[in-house]
1. Taking the stretch 198-228, which residues are open to solvent by less than 50 Å² (accessible area, probe 1.4 Å), out of contact with any Ser or Thr (no Cβ under 9 Å at 6 or more places or on another chain), in a helix (DSSP H, G or I) and farther than 16 Å from Gly184 by Cα?
2. Every residue in the stretch 283-311 that is among the aliphatic types (A, V, I, L, M) and either open to solvent by 60 Å² or more (accessible area, probe 1.4 Å) or farther than 14 Å from His339 by Cα (or both), please.
3. Any idea how many residues of the stretch 444-466 are over 13 Å from Leu431 (Cα atoms) and either crowded, with 17+ Cβ neighbours inside 10 Å or acidic (Asp, Glu) (or both)?
4. Out of Phe137, Phe189, which single residue is under 29 Å from Leu71 (Cα atoms) and at pLDDT 90 or above?
5. List the helices (runs of 4 or more DSSP H) inside the stretch 315-427, counting only whole elements, that have at least 3 residues being within 27 Å of Leu282 (Cα to Cα).
6. Can you name every residue in the stretch 219-249 that is of a type outside the set (Val, Ile, Thr) and touching an Asp or Glu at 6+ places or on another chain (Cβ under 7 Å)?
7. Applying the selection to the stretch 486-544, what residues are in a loop (DSSP other than H, G, I, E, B), farther than 28 Å from Phe424 by Cα and among the β-branched types (Val, Ile, Thr)?
8. Quick one: count up the residues across the stretch 98-118 that are exposed (fewer than 13 other Cβ atoms within 10 Å of the Cβ) and assigned to a loop (DSSP other than H, G, I, E, B).
Amino acid sequence: MSLIRKPRFFFSLLKPFNPRSFATVGTGEKLSVRTRIENQRKAQTAMLDYFYITRGLQFLVAESMSKNAPLFNDNLLEKLDCDTPADDADIALSITRFLRFHPINEFEPFFESLGLKPSEYNHLLPSDKMFLNEDAFLLENYNTFWIYGIGLKQMGKIFKEARGAFGYETGVLASKIKAFEDLGLSKSFVSRIIVCSPRILVGDMNVEVGKALEILKTIGIGVKWVNENLSEDEEESYDWRSMHRVLSLLRGLFLNDSELRELVKKHPRLVFEDSGEWTLFLAGFLTKLGSSKSELSSFFLKFPETEVKKCVLNLRHCFLFLKKIKMECDEIGKIYRSHSSWLGACSLKKPRTLLDRLNVGTRRLCQVILENPEVMKKWTMGLKVQPLPPTGEEETSRLMKTQFLINLGYEENSEEMERAVKKFRGRGSELQQRFDFLVGLGLNEKDVRNMVNAFPQILCQASDLLEAKINYIVNELGYPFSIFVSFPSCLVFTLQRMKLRLGMIPFMEGKVKAISSLLGCSDQHFVSHYVNRHPDGPKHWEDLKKQILYV
């Protein structure tokens, strides 16, 4: 029998060793590709002799390790300095003599023969063993897999994902495999699901597999369909617990088994893509937006022809888009409950890009979408976007803004007027309201006009924000209103910056002449000139930041 036949090169070891066969040909001369391949073949034969005859490994294991570990064999040849052609006996004797005084870690060629890279198995090498025979359970479970029809590369995938299966004691692995057969599954299908999802060999995962297959069987889908949709890709591995969860979810959404059967057959990725994890995430996302059970089932029946992950990412991007343009959450939920099926297939442009291309503000954009959500189909990646036509409301706002600027002293239809229209952001009525608010605080109208002419950004803020800044400087710090006339740009800075910078005044020992020097300088300058010059300054600065920035 082949299992006990000794390779013919075993007898070649009796030939005398000729050291001249390994003499170098010349300085710097490279070994030809043909010679290198030939020496590699001879090395494989010699390693088969070593593993099978000398080490006493099973022929199946010895043959696999000698033929399927090219990196290990190449490294061995380099150590032997075999840089010229040599006959079979020379290679065999060289390897034998080398291994006699330099024992190898047999786990290295063994793991490589399973398709593992050194970077994948180096950390798995046992620290207290060098020879495979020292790990009886490893070889026993290796044989169990082989007998069951699982190949070497497939065993490598199993070892990476369920290494514990190779450490089972005698009979344990066989009993776990039999547990799947007891579910009524064929040997070939059990072999397939083991390779596609090695983790089912750990714990009691046969129960989860049985539950998932039972649901499929109940709706009229058999094992053959499952077998056709499983992928043996090395990067793909299935979690049957997650697949059972998603099947249970879908079963709860559909009272009609025929509807669920057609859905699963039409979109198997709902179950198999990342073991259904993206489907579970998708259902949770839509539920949080208010979708009912019937709305979820309707969504899945209209599920787009796209990957589930891509659908989730598109829906998430659309949600962030609508939030960015300040649409109310209730309105977003209404859109998703009715339009999720096609939104999941659309990759919208970024909000800033759309606002520029459409030449509108967020308020108008929200209004357009709420009137007809399907208009977003025209705003997907790759499509040219045309500006929206102007409305009467926009024209009215522009007229009010123009009149407001004329009152500030700008000449109508002048270049200065056109530049000012762009600087003064906001609706015309809002600009006038904010202007009147500043005058109502007791400031002279002429002074306010000079302030906003110098810094138009002052009127680009809401009235409540302006009020908060003025209250802080006047009521809390005790500065007079005239500070805004002499230093109007202080209203442009954020309230946080004001509280941080001006909150350090007690530690400056009267060295500050104006708040403009505190608010206007850079962070680095402020810390070095105003914070670090007082012994307790840095501590107070950090306390202020915790109090103001991290509330």
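1. Scanning the stretch 198-228 gives Ile200, Leu201.
2. Scanning the stretch 283-311 gives Ala283, Leu301, Val308.
3. Qualifying residue count, the stretch 444-466: 4.
4. Phe137
5. The helices (runs of 4 or more DSSP H) meeting that bar are 329-343, 351-358, 362-371.
6. Across the stretch 219-249, the qualifying residues are Gly220, Ser237, Trp240, Arg241, Ser242, His244.
7. Val512
8. Going through the stretch 98-118 one residue at a time, the tally reaches 3.
The values are calculated or read from the model by the stated rules, or taken from the named source; none is laboratory data. A quick note: this is a predicted structure, and the numbers were derived from the prediction, not measured. Glycine also receives a Cβ, built like all others from the backbone with ideal geometry; neighbour counts cover every protein chain displayed. All accessible areas refer to the heavy atoms of the entire protein, side chains included, with ligands and DNA or RNA removed. Shrake-Rupley method; radii C 1.70, N 1.55, O 1.52, S 1.80 Å.
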